[in-house]
Every structure is written in structure tokens, then in C-alpha cells.
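What follows is a single structure, written as C-alpha cells, with notes after it.
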Amino acid sequence: MSVVALAARGEMQSGPLVVIEDLEIRFDKVVAIEKMNLTVQRGEFVSLLGPSGCGKSTLLKAIAGLIRPAGGRLARGDANLRIGFMFQKPLLLPWRTTLDNILLPVEIKLGGSVADRTDHAKARHILDMVGLSNFVDAYPHQLSGGMQQRTALARALMSDPDILLLDEPFGALDELTRETLNEELIGIWQNSATRLHTIMMVTHSIVEAVTMSDRVIVLTDRPARFVEDVRVRSPRPRSPEDAETLSAMKLIRRILRGGR
Amino acid sequence: MMLRFRTPILFALATLAAWQGLVMASGIPEYLLPAPTAILAEVDRTLAVSLGVTFLEATIGFALASALAFVVAVLFVRFHTLEEGLFPIAIAIKTTPIVAIAPLLVIWLGTGWWSKIVAAILICFFPVLVNTVKGLKAADAEYRELFQTLGASGAQEFRKLRIPYCLPYLFSALKISSSLAIVGAIVGEFVGATQGLGYLIMVSSAHLETATLFAAIGAAALAGITLFYIIGAIEHRVIFWHGGETE
């Protein structure tokens, strides 16, 4: 694997952020991903869609550096690319309040020293953004599933990521909560005040993929292979009833059934 | 609070009254079964001092064993080779009955406090070690991945994730070993001592002073229960989140 800095930060507002060429990932002898080619541009919202267990999450974890590829190339647009990762489970520390949970990335980055006033102000600002300003001192077990996942999102935003990797972020939530959170996520992505402009999201909901993303990458079953890159061009905010959204959904369904 | 204990207290009082009545009516000799009032009459300064000595020996042994076991557990989890090499020895210590080792401890350490403290240490060490090792490894792989994505070092992962995560496991072991500590101290006193509940039990049984024996047994039970509840109260304060975990 080679991580190559393609350009210095700031010099490029667009351009490739993640470049994947001929990527192969194995677990022992089982091939999870093979012959994967994918380029994610700065500023894109990309969804990875495919049947469950197809290796979507594995791909995401490889980009995050959690899994080492067996072959091929995985390059980042910037060697110092800051990555935010959000899991399907909130993974909050039950002994910490909401505020302390989202200060965790800062504490880890600082090593020995404690989060200062600037960090606290930033944390409160982010909590405000995800609608948790009234739950700053609550413990995870006092929060609903949706609020726990908002906290997890706030924690991912706390490290000022250039790219946010989301592994079925709201998959465990009920549909109504999921829709609300999806809309808020789009809002945060579009908000130019944050440095976050690029999102990659694993999902197995066609509706979710099409209404949220610029591109939907459709993957095959194990081993995961790139099948189709569907571009969704309908204007935002989108609704599942838009003609263009509907036709994209129809196209993806056809691809998933095997007919190109 | 009072209501919760009312029924058990009533039952206990009824049992004691029946016991007293049975002994008085049947004329069972006191060396076989003393009446509750006769046992109560044996609660004196000697008993209190014996209880205090045994409780202190047990508590010191328990505290030292717990601290030691925790440190060893952390080392085991951080350095796997240590665990591989030393775990069999730990199991060997555990499976050897404390009653078999106690005479040796008295030969080595004398009839004073240390032979009892070490007996308590030997009996308390293993449960705490095993559970702490288990607890330190218990955090979900996904939590570890989260820490990895945040760029945490091994030490940070221990401090901020593994050790707090392990506390419920640690405390359930502490509750088990708190009662065992009393056993260790009393066994040590059986073998060779000049004071303590174990000594009192040996002497009173040799003299057929059954009422004293009963009082000493009651005191030993009280010591175990007290230590158990102290640990339980601390646990309740420290692990406020348990039972309400996110997963």
C-alpha cells in the first residue's frame, strides 16, 4: 500500500481526495474486495451501496487505515488528510457525559493535557449544530438512540475531518429519526462554515443513497467489486418522488438485480 | 428502605424465638445447642477484639491482593508473553487448597499477622486477576477501532477505554474475594495464632464452649457480610452507568 500526497492542502479545492486502484483486501484466504477502482473527488457525497456483507464496510475501514490492503493502491489526496469515522453503533463511553464524549478526540490528540476553553466552546458549538445543546451533561444511557447517534456524529465532527466516513450511520434507528438525521447530515455537509466537504457513506437503502448522494457506487456481492457508478444530478433538497430521483432508483434496482 | 427489610427481619426474629423456645422446652444441653440468649451473653470484649483482628488481617490481605492482581492483570494484557508464561503458575496457586499451604505460611512467617495476611492474599488474588484480565479485554472490537481512528496510543486506549470498561468486572471479583479474604484469615488462625476469630473458634471448640463458638461463627459471618457490603456500596458509586450501557 502506498499513501501518496497528491497535492498540498489549500492548493486545491477540487480534485481527487481518495484514489483507489486495483485494490484487493483479504481476510486470511477469503477475498473480501478485489479489483476495486474508485476515485472520490473533494466535495462529493458518495454512497456505497450493495447487499449486506458484500465488503462495503471493509472498503470504508481500509480508507480509514483500519485494514491493510493485500494489493493495489489506496492513495489519499493529502498525506495529512483528517478522517472522521462514524460507526453503526454510537460507541459512546458510558461513563462520560455528552460533552466529555465529544471531547475525547481532542484529549487523545493532546496526549497528556486537558481540553481547554477553545475546545469546550467548539464542542458546544458542534452540539448546538446537531441539536444536543440541552443534553450537554447527560450520560449516554439517558439519551435516546437517535440522540446517542447525534453525539457520535458530533464526536466525529470534533476532529475537524476533511472527509467523513459513515458506516450505516443511522441504520439502527427507526425510519423517522433516520430521515431527520439524514437531512441534518446534508445540512452540515452543505454548511460552508465547516471544513467538511466530502462524505462517503455505506448504506443498503436505495432511497437513502439516491436522495443524499452525488454518486452512488453499486457493489457486487462477496467479493466486493465495483459494478456501476450512478450519478444523481437532481437538485437539492431532494424528495424520493422527484422524477430524476425515481429514475435513478429504478436504474440502481435494475443493476442490483443483475441486469445492467 | 425500612420496608424492604421488614419481612426478612420479621422472619429472622421468628426463627430466633422458635429456637429459644425449642431449647428451653426440650432441655438440650448447652454444649450441643445453646439458646440465642446464651450466645448473646458471650458477646463481649474478647469477641470484639477477635473480630477486629480477623477483620483487619482479612482487609489488609484483600486490599494488597486486589492491588497486586490489578497490576498483574494490566501487565498480562499489555504483554501477552507474560500472560502465557505466568498464567499456569497463577492457576497452580489457585488450585492448591489454602488449608494445605497455611501450615507452611506459619512456619515461614510465624504466628503473627503476616501468615494470615498472606493466606488472605493467596485466596483473593486469583479471582481478581482472572476477572480483571477478562474485563480489560472485554471492550468491543469496534470501540478499539474507534480509538484507532482517533489515533490513540496503547496507553491512551488503556486509560480511557479498557480500564473504565473493566471496572464492572473488577468489582464483581472484589465482591467474591472479599468473603474469601475472611476465610483465608481464619484458616491462617486455625493453624497457629494467639488471637482472632479462628483462634477463638479453635479454643472454644476444644473446651466445648459451644455458645462462644456460635458467637464466633456469627462474628465471622458479620465480618464477611460487612466487607461485602462496603465493596457493594463503593461499586454503586463508581459504576453509576452500569446496567444503562448503550449497547
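Over its Cα atoms, what ratio of radius of gyration to 2.2 N^0.38 Å does the stretch A:65-122 give?
1.49
Given 10 °C and 1.306 mPa s, compute D for the protein assembly as shown with the Stokes-Einstein relation, Rh being the Kirkwood radius over Cα pairs; round to the nearest whole µm²/s.
58 µm²/s
Accessible area drop of at least 50 Å² (1.4 Å probe, protein heavy atoms): which residues of the stretch B:125-149 qualify, relative to the chain alone?
Residues passing the criterion (a loss of at least 50 Å², heavy atoms only) are B:Glu142, B:Tyr143, B:Glu145, B:Leu146, B:Thr149.
About its Cα centre, what dipole magnitude does chain A give when the only charges are +1 on Lys and Arg Cβ and -1 on Asp and Glu Cβ, stated in debye to the nearest 20?
Dipole of chain A, to the nearest 20 debye: 600 debye.
With only Lys, Arg, Asp and Glu charged, each at its Cβ (+1 for the first two, -1 for the last two), find how big the charge dipole of the protein assembly as shown is about the Cα centre; round to the nearest 20 debye.
So the magnitude is around 880 debye.
With all protein chains present, how much of the accessible area of the stretch A:148-219 (probe radius 1.4 Å) comes from carbon and sulfur, to the nearest whole percent?
The C+S portion of the solvent-accessible surface of the stretch A:148-219 is 47 percent.
Anything losing 40 Å² or more of accessible area from the isolated chain to the full protein assembly: pick those residues out of the stretch A:54-96, probe 1.4 Å, ligands and DNA/RNA ignored.
Listed by number, the residues meeting the 40 Å² cut-off are A:Leu66, A:Phe87, A:Lys89, A:Leu91, A:Leu93, A:Pro94, A:Trp95.
Roughly how tilted is helix B:163-191, in degrees to the nearest 10 and between 0 and 90, from the longest Cα axis of chain B?
30 degrees
Take every Cα-Cα distance within chain B, group them into 10 Å bins from 0 onward, and report for each bin the whole-number percent of pairs it holds.
P(r) for chain B, in whole percents per bin: 7, 24, 27, 21, 13, 6, 2, 0.
Taking amide H atoms as placed 1.01 Å from N in the peptide plane, list the residues 5 or more away in sequence, or in a different chain, whose amide H sits under 5 Å from that of B:Asp140.
Here nothing satisfies the definition.
Pick out, from A:Leu153, A:Val202, B:Trp114, the residue whose Cα sits farthest towards the positive end of the charge dipole of the protein assembly as shown, with +1 on the Cβ of Lys and Arg and -1 on the Cβ of Asp and Glu.
So the residue we want is A:Val202.
Along the positive direction of the dipole of the protein assembly as shown (beta-carbon charges: Lys, Arg +1; Asp, Glu -1; about the Cα centre), which of B:Ala18, B:Leu33, A:Val136 reaches farthest?
Among B:Ala18, B:Leu33, A:Val136, the one farthest towards the positive end of the dipole of the protein assembly as shown is A:Val136.
Using the Karplus curve 6.51 cos²θ - 1.76 cosθ + 1.60 with θ = phi - 60°, work out ³J(HN,Hα) for each residue of the stretch B:139-147 in order, rounded to whole Hz, and write x for Gly and Pro.
4, 3, 4, 5, 4, 5, 5, 4, 4
Efficiency by 1/(1 + (r/R0)^6): what FRET value for A:Lys109 and A:Ser239, r their Cβ-Cβ distance, R0 = 41 Å, to the nearest 0.05?
The computed FRET efficiency comes out at 0.55.
For chain B, what is the calculated [θ] at 222 nm in deg cm²/dmol (nearest 500), taking -39500 (n - 2.57) for each run of four or more DSSP H residues and dividing by its residue count?
That calculation yields -27000 deg cm²/dmol at 222 nm.
So how much accessible surface do A and B hide from each other in total, probe 1.4 Å, in square angstrom to the nearest 100?
2200 Å²
Roughly how many Å² is the accessible area per residue of chain A, as a whole number, for a 1.4 Å probe?
For chain A, the per-residue accessible area is 45 Å².
Roughly how compact is the stretch B:26-139, stated as its Cα Rg over 2.2 N^0.38 Å to two decimals?
Rg over 2.2 N^0.38 Å, computed on Cα atoms: 1.49.
How large is the convex hull of the C-alpha atoms of the stretch B:176-247 per residue, in Å³?
93 Å³
How big is the gap, in Å, between the Cα center of the stretch A:128-205 and the Cα center of the stretch B:1-70?
58 Å
Could you give the size of the charge dipole of chain B about its Cα centre, using +1 on the Cβ of each K and R and -1 on the Cβ of each D and E, expressed in debye and rounded to the nearest 20?
About 340 debye.
Can you compute log10 of I(q)/I(0) for the stretch B:94-211 with the Debye formula, treating each Cα as one identical point scatterer, at q = 0.10, 0.21 Å⁻¹?
Each listed q maps to, in turn, -0.47, -1.03.
By how many degrees, between 0 and 90 and to the nearest 10, does the Cα long axis of helix B:113-136 differ from the longest principal axis of chain B?
40 degrees
For Cα pairs less than 8 Å apart in space and 6+ apart in sequence, what is the mean separation divided by the residue count of the stretch A:88-169, i.e. the relative contact order in percent?
46 percent
Any idea what the relative contact order of chain B is, in percent, if you count C-alpha pairs under 8 Å spaced at least 6 apart?
Taking the mean separation of contacting Cα pairs over the length of chain B, I get 28 percent.
As a test, work out the antiparallel percent of DSSP beta bridges whose residues both lie in chain A, rounded to the nearest 5.
If we restrict to bridges inside chain A, about 50 percent are antiparallel.
Apply the Karplus parameterisation 6.51 cos²θ - 1.76 cosθ + 1.60, with θ equal to phi minus 60°, to every residue of the stretch A:29-37 and state each ³J(HN,Hα) to the nearest whole Hz, in sequence, with x for glycine and proline.
9, 6, 8, 8, 9, 9, 6, 8, 10
How much length is gained if the chain between B:Ala41 and B:Gln148 is pulled fully straight, taking 0.36 nm per residue apart and subtracting their Cα-Cα distance, in nm to one decimal?
Residue separation times 0.36 nm, minus the Cα-Cα distance, leaves 32.0 nm.
Name the residue from A:Gly84, A:Leu74, A:Asn101 whose Cα lies farthest towards the positive end of the charge dipole of the stretch A:68-121, charges +1 on Cβ of Lys and Arg and -1 on Cβ of Asp and Glu.
It is A:Leu74, whose Cα lies furthest towards the positive end.
For a quick check: with amide H placed at 1.01 Å from N, whose amide H comes under 5 Å from A:Glu44's, ignoring anything fewer than 5 positions away on the same chain?
A:Ile199
Residue by residue through the stretch B:3-10, what is 3J(HN,Hα) from phi via Karplus (6.51 cos²θ - 1.76 cosθ + 1.60, θ = phi - 60°)? Round to whole Hz and write x for glycine and proline.
With coefficients 6.51, -1.76 and 1.60, one gets 4, 4, 8, 4, 4, x, 5, 4 Hz.
Report, to the nearest 10°, how far helix B:80-95 tilts away from the longest principal axis of the Cα atoms in chain B, using its own Cα long axis and a range of 0 to 90°.
Between the helix axis and the principal axis of chain B, the angle is about 10 degrees.
First check a/c for the stretch A:157-249, with a ≥ b ≥ c the square roots of the eigenvalues of its C-alpha gyration tensor; if it is under 1.5, answer rounded, and if not, answer prolate when a/b is larger than b/c or oblate otherwise.
rounded
Calculate how large, on average over all directions, the projected area of the Cα convex hull of the stretch A:205-260 is; give the answer in nm² to one decimal.
3.6 nm²
If contacts are Cα pairs under 8 angstrom and at least 6 residues apart, what is the relative contact order of the stretch A:163-260 in percent?
It rounds to 22 percent for the stretch A:163-260.
Lysines within cross-link reach of B:Lys175: Cα-Cα under 23 Å, excluding same-chain residues under 8 positions apart?
Of all the lysines, those that pass the test against B:Lys175 - Cα under 23 Å, at least 8 places apart if same chain - are B:Lys94, B:Lys116, B:Lys134, B:Lys137.
Per DSSP helix of 4 or more residues, -39500 (n - 2.57); summed, then divided by the residues of chain A. What does that give at 222 nm, rounded to the nearest 500?
Helix-only estimate at 222 nm: -10500 deg cm²/dmol.
Using a 1.4 Å probe and ignoring any ligands, DNA or RNA, find the accessible area of B:Tyr199 and quote it in Å² to the nearest 10.
The accessible area comes out at roughly 90 Å².
The values are calculated or read from the model by the stated rules, or taken from the named source; none is laboratory data. The structure presented is a predicted model; accordingly, all values stated were derived computationally and were not measured. Note that we place each Cβ from the backbone using ideal geometry, even for glycine, and neighbour counts take in every protein chain shown. Surface areas here come from the heavy atoms of the whole protein model, side chains and all, with no ligands, DNA or RNA. Shrake-Rupley method; radii C 1.70, N 1.55, O 1.52, S 1.80 Å.
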